[in-house]
Amino acid sequence: MDEKLKNTDVENNQHLDDETLFVVSQTFKALSDPTRIRILNLLCTDEHSVNDIAEILDLGQSTVSHQLRFLKNLRLVKFRREGTTLYYSKDDDHIMNLLKQAIEHAAHN
């Protein structure tokens, strides 16, 4: 198949397989929740522990842990362990760029 034709199909959202559709819908689901948006926005610039995120965003630790688990399962955030503390950071620049664009769009008058 002609490469130009393949690119056109992708651009027109045709021929998406079920797995791709599921991942895209889950990604938008992740970005549809205000708490997850706040967490991702915080992690855009630096890594933070669960306790730091909870304190900065004035959220319960269990709420933050639950949301981070959801985001980690989608590979939107990752963590590293330092002793008994987990530090979370962004794991997908594509999604962070999408989030930034959505925020800029919302702020645009």
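The values are calculated or read from the model by the stated rules, or taken from the named source; none is laboratory data. Note that the coordinates shown come from a computational prediction; the quantities given were computed from them, not determined experimentally. Please note: Cβ atoms are built from the backbone with ideal geometry, for glycine as well, and neighbour counts cover all protein chains shown. What goes into the accessible areas is simple: the full protein's heavy atoms, side chains included, and nothing from ligands, DNA or RNA. Shrake-Rupley method; radii C 1.70, N 1.55, O 1.52, S 1.80 Å.
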Unmet criterion (only one of (1) touching a residue at least 40 places away in the same chain (Cβ under 8 Å); (2) within 16 Å of Asn41 (Cβ to Cβ)) for Ala106: (1)
Considering residues of region 45-61 that are assigned to a loop (DSSP other than H, G, I, E, B) and either in contact with a strand residue (DSSP E or B) (Cβ under 6 Å, 6 or more places away or on another chain) or β-branched (Val, Ile, Thr) (or both) only, the residue farthest from Lys100 (Cα to Cα): Glu47
Subset tally (residues that are open to solvent by 40 Å² or more (accessible area, probe 1.4 Å) and either of a type in the set (A, V, I, L, M) or over 21 Å from Thr63 (Cβ atoms) (or both)) for region 29-40: 1
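Quick check on region 62-99: of everything there that is part of a strand (DSSP E or B) and hydrophobic (A, V, I, L, M, F, W, C), which residue is farthest from Thr27 (Cα to Cα)? Walk me through how you get there before you give the answer.
Within region 62-99, the first condition is being part of a strand (DSSP E or B), and the residues that meet it are 77-82, 85-90.
Going one step further and asking which of them are hydrophobic (A, V, I, L, M, F, W, C), we end up with 77, 79, 86.
Values: Val77: 12, Phe79: 19, Leu86: 23 Å.
Among those residues, the one meeting the criterion is Leu86.
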Inter-residue pairs, beta-carbon under 8 Å, first more than 14 Å from Leu99 (Cα to Cα) and in region 15-34, second of a type outside the set (S, T, N, Q) and part of a helix (DSSP H, G or I), 6+ apart: His15/Asp9; Leu16/Val24
